[in-house]
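As structure tokens, the structure follows; a few thoughts come after it.
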Amino acid sequence: GHQALGESLQAGRLGGMSLRRSLRLVPAAGLWQYWRSCSTTPVWTRCLHATSPFASPAEPSPGSVGPLAGIRVLDVGQVVAGNFCGGLLAYFGAEVIKIEPPKGDPLRSLRLLDPTGVSYWYRSYARNKKSVTLDLKTEEGRALLKQLSENVDVVVENFRPGVMERWGLGPQELKESLVWARISGYGQDGPLSSRPGFASTCEGFAGLRHVNGYPDRAPVRPNLSIGDNLAGLHAAFGVVMALLHKARWNDQRGQVVDAAITESVYNLLESCVPEYLHCGIDRQCSGSTISDVVPSGTFRTKDDKWVIIGANGDSLYDRLVEAMGKLEMSTQNPLYASNAARVQNQASIDDAIVAWVGARTLDEVTAAMEKARIPCGPILSTADICENDQYRARGMIESVPSATTYERGHSQAKRGESDEESYYMPAMLPVMSRTPGKSKWAGPELGQHTREVLKTEVGLTDTQIDGLYARGII
């Protein structure tokens, strides 16, 4: 029995099952031998640790379960940042139990809704997750969450700092081995830590809005929740680093990944901070160009489309002016000999590019730039992206079954029955050659897995669960 379990773990067939559930597969007579062959290190740690008997798994099959298979996550995140963090972990193989209030995560109702009244945004960000409803404002709900936390490796949450502690559910109250992804507007400490944070305000506080837009207009917001998504990405990256540390050093203690929305945006400010502190230069917004890098900008074509051209290196610049028939503006001319010189003469360079691009169609411009080996490309809309051959070739748009269809398909696979209900959504990244991520099912219905999880993870009976429903706890 213990040998069979070890082989299953090595091949990744047990996926996200907990050790407690996995041991149900082991005959009682084999348990003593199994435990003698193992340390007290958690299963997933032994699978990752270099000295583990499971450290050299067989080459994954094309249907790999993902690099995070075996990692179990309790996702108490909500709206955008928390959901994106948990979604990334789920896409790459972690078993994610998503906790929602009985009325549902607010993301379920944001933006366009599907025919059942659930947002496509939620269907995408909650893919591969199991939905469990718990009212954490009640003592019973918090007690159930604490029980669920005993069987996971990671907790994701993005309440305001201090909320989980007030509920008795903070890192000091739960088991020490947990890795925590704690997402907030301004971080877990500091004078602004208790302030609520949204992408819009945090992008401004982090400096992004200051450098985005045009000098003569109000600062511009990109029509996306960039700050929230960056925080979710940083949090997921931090979780993986914390898990890697535990595995490599056989360290049983967890740690907190403190991912602030403001600091996740601040992390992308390039050289703005050292340039100001050393040179006193406070970078300003610059429209469709980038400060002190010339030429790099957006230009309108003859057929009224937009194209981006970036030739901000000496050799690239020379190839650009040659393609435009403007050899007198090459680097042989002292006015354009270096990037610093071109910055001083940006107006004349931009005027030449505007005239050249404006006399040609988008296809003519991109063909000429491709021939000259100059970075150039159109500005695509979502509609353009969905029809683009490059995106299709890379598998960037997936058709994903609903959670109900996925479960029905598995239970009816032998009969060959299927349901055509599916959702289109973008793939999650990065692309991995040996252990790719995968969308198994779209974001589930509210509380779709509550009964299943409370029975298998907490050991409740149907009668007990019915009572929780009746009292509004779930």
Once a ≥ b ≥ c are taken as the square roots of the eigenvalues of the Cα gyration tensor of region 426-474, is the result rounded (a/c under 1.5), prolate (a/b larger than b/c) or oblate (a/b not larger than b/c)? prolate
Could you give the nm distance between label points at Y214 and T456, where each point is 7 Å from its Cα heading toward the beta carbon? 5.6
How would you rank 85-97, 144-156, 213-225, highest first, on the average number of other Cβ atoms within 10 Å across their residues? 85-97, 144-156, 213-225
Could you sort 243-254, 73-84 so that the peptide with the highest average Cβ count within 10 Å comes first and the rest follow in order? 73-84, 243-254
Place a point 7 Å from the Cα of S109 in the direction of its beta carbon; the residues of region 181-209 whose amide N falls under 11 Å from it are none
On the formula 1/(1 + (r/R0)^6), with r taken between the Cβ atoms of E445 and E275 and R0 of 60 Å, the FRET efficiency rounded to 0.05 is 0.75
Students often check this: by mean Cβ neighbours within 10 Å, which of 347-356, 115-124, 228-237 ranks highest, and how do the rest follow? 228-237, 115-124, 347-356
Label D292 and T116 with points 7 Å out from Cα along Cα→Cβ: what is the distance between them in nm? 5.3
Taking 0.36 nm per intervening residue step and subtracting the Cα-Cα distance, what contour gain separates S348 from M241 on full extension? 33.7 nm
Note to self: with every protein chain in place and a 1.4 Å probe, region 173-317 gives an accessible area per residue in Å² of 54
Computed FRET efficiency, Cβ-Cβ of V163 and E140, R0 22 Å: what is it to the nearest 0.05? 0.75
Based on the Cβ-Cβ distance from E407 to S338, what FRET efficiency comes out when R0 is 45 Å, to the nearest 0.05? 0.10
Around S348 (Cβ within 15 Å, Cβ-to-Cβ, excluding S348; K/R +1, D/E -1) the net charge comes to -1
Just name one of P378, W356, A393: the one whose Cα is farthest towards the positive end of the charge dipole of region 350-403 (beta-carbon charges, Lys/Arg +1, Asp/Glu -1). A393
Taking the Cα-to-Cβ direction at D282 and at R394 and moving 7 Å from each Cα, how far apart do the two end points lie in nm? 3.7
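The values are calculated or read from the model by the stated rules, or taken from the named source; none is laboratory data. Fair warning: this is a prediction, and the values are worked out from it, not measured in the lab. Cβ sites come from the backbone with ideal geometry, for glycine too, and all protein chains shown count toward neighbours. Areas reflect the complete protein model, heavy atoms only, side chains present, ligands, DNA and RNA absent. Shrake-Rupley method; radii C 1.70, N 1.55, O 1.52, S 1.80 Å.
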